Amino acid sequence: IMRPLHKDLIMKENIEKMSVNLVLQHAQIELLIRQHHKSFKITANAAADTARILRVTLHGIERSEPSVSMDGYLNVIRALGLHLHQAQK
């Protein structure tokens, strides 16, 4: 039988591992957005307009600002012609 404290520590370690993975995935998405946006050789204003977001929101996405909503990310991803898919581990 597991003691509750041990179980809590295992849960905490799993959450920390997931958090690290999410941060890495977040950084990869931001890098992909930045690279794709620059490959079109359009201004940030034009990219933001196409995505129907504010320029400051695009800048926030590219700088990992936590205040940017998922809608902002999805609008930029769609505007740049990118697609998300779920990969199996």
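Contact order for the range 17-73, expressed relative to its length and based on alpha carbon pairs under 8 Å spaced 6+ residues apart, stands at 30 percent.
Using heavy atoms of the protein chains and a probe of 1.4 Å, the accessible area assigned to residue 43 is about 90 Å². Computed from Cα atoms alone, the Kirkwood hydrodynamic radius reported for the range 39-89 is 11.5 Å. Each residue, residue 43 and residue 22, gets one label point 7 Å from its Cα in the Cβ direction; the gap between the two is 3.6 nm. Within the shell defined by Cβ-Cβ distances under 11 Å, the residues around residue 68 carry a net charge of -3, with Lys and Arg each +1 and Asp and Glu each -1. Per-residue 3J(HN,Hα) values for the range 61-73, derived from phi via the Karplus relation 6.51 cos²θ - 1.76 cosθ + 1.60 with θ = phi - 60°, read 4, 6, 10, 6, 6, x, 7, 6, 6, 4, 4, x, 4 Hz in sequence order (x marks Gly and Pro). Residues in the range 33-87 average 69 Å² of solvent-accessible surface per residue, probe 1.4 Å, ligands and nucleic acids excluded. Largest to smallest in accessible area, the residues 32, 80 fall in the order 32, 80 (1.4 Å probe, all protein chains included).
The values are calculated or read from the model by the stated rules, or taken from the named source; none is laboratory data. None of the values given here were measured: they were computed from a predicted structure. Ideal geometry is used to build each Cβ from the backbone, glycine not excepted, and the neighbour counts take in all protein chains shown. The accessibility values were calculated without ligands, DNA or RNA, using every heavy atom of the protein model including side chains. Shrake-Rupley method; radii C 1.70, N 1.55, O 1.52, S 1.80 Å.
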